[in-house]
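Peer 1: Provided herewith is a single structure, encoded as structure tokens, for subsequent inquiry.
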């Protein structure tokens, strides 16, 4: 085996592959998207480009990946191969505190991070990307909409002194428009791609046998499916009577359902009562369609559990109209009764999957198998079935916990992958969370429990095998169901994607300068100056919107923290609560909108409520317009809160920027806890005194007074006693103690 030699790559750590070197040389000349099937070494290409940039330009390397396990994987890969000083590599995830990240940035030459963490740090002004000479964006097909990659690429390309961006993916998608959107969002100007059939790739590709195994739908599930179709037909008929454009049951795809939902929302915006009725029926359609997919492709146990869940929702007092109506339907009740009588698993897919895994384990004891399933309930079903067959399998699912089932934390995900890679157990049963970036070189068998219509997911699943030896892929399908449709859709989309990527590669790529040598070190560029605009404090829960990043783009100095009241604080006087049009209506109906605004009014001298969105506030819910008018009157006249309307997150940010600039220019900073009130009760006066302590707001002040009984008792309390009060941590308790007992002057 030949190895690549480079001053910044450790000897005999990277196999020399000509196609990787050729792509890397192109990527050194312009912002590039690299599209390679999983297993052909996208990360190796990134390593070659990184070594060259660090050697020639100095500066820093920043590698972004969407999940912590992927970030850990990149850190391990680069640390083992890049010849950098000890401690030059750092990892930034949510587990690393902001102050530690800021300190680590100064001393690190290569940073491996999740994108949201870097976005938060840039918005908070903790460091800049000025001296980053290479930004690597892994799984770059995510760079659409409001995903953090979009903001980071824009910020990097506009602030770095010597920017170069390398985007990587195994599957950017078959939608040509979406691929172009990703390229535009990342500033990509050229695409480099290879397929397994390209001449320079063939020597490194192992055979991957793909086979499709079809099973028959059992009679009992066929009867259940007939009942579900009766329920679907009755709902579609109701929508047809209300003059909606309704597809037939056979053509009830997600695309058709999305079109129907758009029509329903349009009728709602016109305050058509039929629209509100249709919205509830649409919710029933979505539930029933999911039940159909479970019956066809997943299994009787999973279907029975889902039906029982729907029935429980319908029987509970808190169930939605859709759940209540569905649970009351005699056909649905008949279906539930039948499902409860099923004994054991009826769907033959489960037995087929277990048989395939058992054969693999028996004939190849050292092999690794990944079994993919779309739903967590199915994952649990398969893990149990494999255990019954004497096969040790572990589940690999996302972090979120649902109902009684707990998700896997990122630390647990990494632990499962590590033990699987080291051979502690032979099988992983994974949801879609395992599709991106799993580094398991010795996986010999991949089983799709069901076909998936997404070409991205299909390609990523297939890429889990055939990396270091011949691999086998088995796709299970149920005859005469959507399984078969998804199989053909996926195959067509994969072919369309490959064709589209080749077209992008061959057209529109600039003529790069020819690079024939590595060059010499260059002095790192001077860092860009920190922003010096008006200041604003942003609640960290607002980072999911585009408001904070737009504020950062506008040059405001941003502090991220957890605000007890409101979403944005400007100086000492202005506190802003932001609600979308829909959230305003939902909070008015389902939660305590006026109570939230009352807290806002009590906590700020100039309270402001921003209602954001293009929608009609009076049509957001099926409630009388006078309820909306009454709420607005109570907020503005009764509580003295200014209400401003904006059309988008960007416009909200611009409004906040104007408020911040006015506040800065007026230079008014005196703190007043209860503005505009000519009278305060004795309790309010006590609350104001305690709330004036740093880090203590009105909410914590009330909690302290309720616990200790008086202002004097709060001031005299010891630190340990203060910390017993909910919401009072060690830092806040120490501040109360220090300020309350410090001599004046």
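Peer 1: Which of 710, 648, 482, 171 has the fewest other C-beta atoms within 10 Å, and how do the rest follow up to the most?
Peer 2: So the residues, fewest neighbours to most, are 710, 648, 482, 171.
Peer 1: Suppose we keep just the DSSP beta bridges with both residues in the chain; what percent of those would be antiparallel, to 5?
Peer 2: 10
Peer 1: What does the C-alpha gyration tensor say about the overall shape of region 181-229? Classify as rounded when a/c is under 1.5, otherwise prolate if a/b is larger than b/c, or oblate.
Peer 2: Oblate, since a/c reaches 1.5 and b/c is not below a/b.
Peer 1: Here's a follow-up. May I ask you to sort 537, 43 by Cβ crowding, counting other Cβ atoms within 10 Å and putting the fewest first?
Peer 2: 537, 43
Peer 1: Which whole-number percentage describes the relative contact order of the chain, with Cα contacts under 8 Å and a sequence gap of 6 or more?
Peer 2: Relative contact order, the chain: 12 percent.
Peer 1: Still on this structure, I have one more. Could you give the length gained by full extension between residue 341 and residue 241, i.e. 0.36 nm per residue of separation minus their alpha carbon distance, to one decimal place?
Peer 2: Stretched fully, the residue 341-residue 241 segment lengthens by 32.4 nm.
Peer 1: Then there is this: For region 43-108, rounded, prolate or oblate, judged on the Cα gyration tensor with a ≥ b ≥ c (square roots of eigenvalues), a/c < 1.5 rounded, else prolate if a/b > b/c?
Peer 2: Note, shape of region 43-108 comes out oblate.
Peer 1: Any idea what the alpha-carbon Rg over 2.2 N^0.38 Å comes to for the chain?
Peer 2: So the chain has a normalised radius of gyration of 1.09.
Peer 1: Would you list the P(r) distribution for region 535-666, with all Cα-Cα distances sorted into 5 Å bins from 0 and each bin expressed as a whole %?
Peer 2: Here the calculated profile for region 535-666 is 2, 11, 21, 24, 21, 13, 6, 2, 0.
Peer 1: Note the full-extension length gain between residue 324 and residue 96 as 0.36 nm times their separation in residues minus their Cα-Cα distance, in nm to one decimal.
Peer 2: Additional length available on full extension: 77.5 nm.
Peer 1: Starting from the Cα of residue 223, step 7 Å along the direction of its Cβ; do the same at residue 702; then give the gap between the two resulting points in nm.
Peer 2: With each label placed 7 Å out from Cα toward Cβ, I get 5.8 nm.
Peer 1: With viscosity set to 0.692 mPa s at 37 °C, what whole-number translational diffusion coefficient in µm²/s follows for region 219-340 from Stokes-Einstein and a Kirkwood radius over Cα pairs?
Peer 2: Roughly 222 µm²/s, to the nearest whole number.
Peer 1: Within region 643-659, name every residue whose backbone N is under 16 Å away from a label modeled 7 Å from Cα of residue 632 along the Cβ vector.
Peer 2: Taking a point 7 Å out along Cα→Cβ of residue 632, the residues of region 643-659 whose backbone N falls under 16 Å are 643-647.
Peer 1: Going 7 Å from the Cα of residue 648 in the Cα-to-Cβ direction, what parts of region 145-185 have a backbone nitrogen less than 15 Å from that spot?
Peer 2: Inside the label zone: 145-147, 151.
Peer 1: From the P(r) of region 682-741, can you give the percent of Cα pairs sitting at distances over 17 Å?
Peer 2: 21
Peer 1: With r defined as the distance between the Cβ atoms of residue 83 and residue 719 and R0 fixed at 60 Å, what FRET efficiency is calculated, to the nearest 0.05?
Peer 2: 0.75
Peer 1: Under the 0.36 nm per residue contour assumption, what length would be gained going from the current alpha-carbon distance of residue 564 and residue 594 to full extension?
Peer 2: That works out to 9.2 nm of additional length.
Peer 1: Send over the per residue convex hull volume for region 18-189, Cα only, as a whole number of Å³.
Peer 2: 109
Peer 1: Quickly work out the residue 276-to-residue 5 label distance, labels modelled 7 Å from Cα along the C-beta direction, and quote it in nm with one decimal.
Peer 2: 7.8
Peer 1: Any number yet on Rg/Rh for region 183-264, C-alpha, Kirkwood?
Peer 2: 1.26
Peer 1: Using Cα pairs closer than 8 Å and at least 6 residues apart in sequence, work out the relative contact order for region 219-340, in percent.
Peer 2: Reported as a whole number, the value is 27 percent.
Peer 1: With a Förster radius of 22 Å, plug the Cβ-Cβ distance of residue 488 and residue 286 into 1/(1 + (r/R0)^6) and report the FRET value to the nearest 0.05.
Peer 2: Using R0 = 22 Å, I get an efficiency of 0.35.
Peer 1: If you don't mind, another one. How high is the FRET efficiency from residue 205 to residue 262, r the C-beta distance, R0 60 Å, rounded to 0.05?
Peer 2: 0.85
Peer 1: Would you order 137, 547, 641 from fewest to most other beta-carbon atoms within 10 Å of each residue's own beta-carbon?
Peer 2: Placing the least packed residue first, the sequence is 641, 547, 137.
Every number in this text was worked out from the coordinates using simple rules, so none of it is lab data. If you're wondering where the values come from, they're calculated on a predicted model, not measured in any experiment. Glycine also receives a Cβ, built like all others from the backbone with ideal geometry; neighbour counts cover every protein chain displayed.
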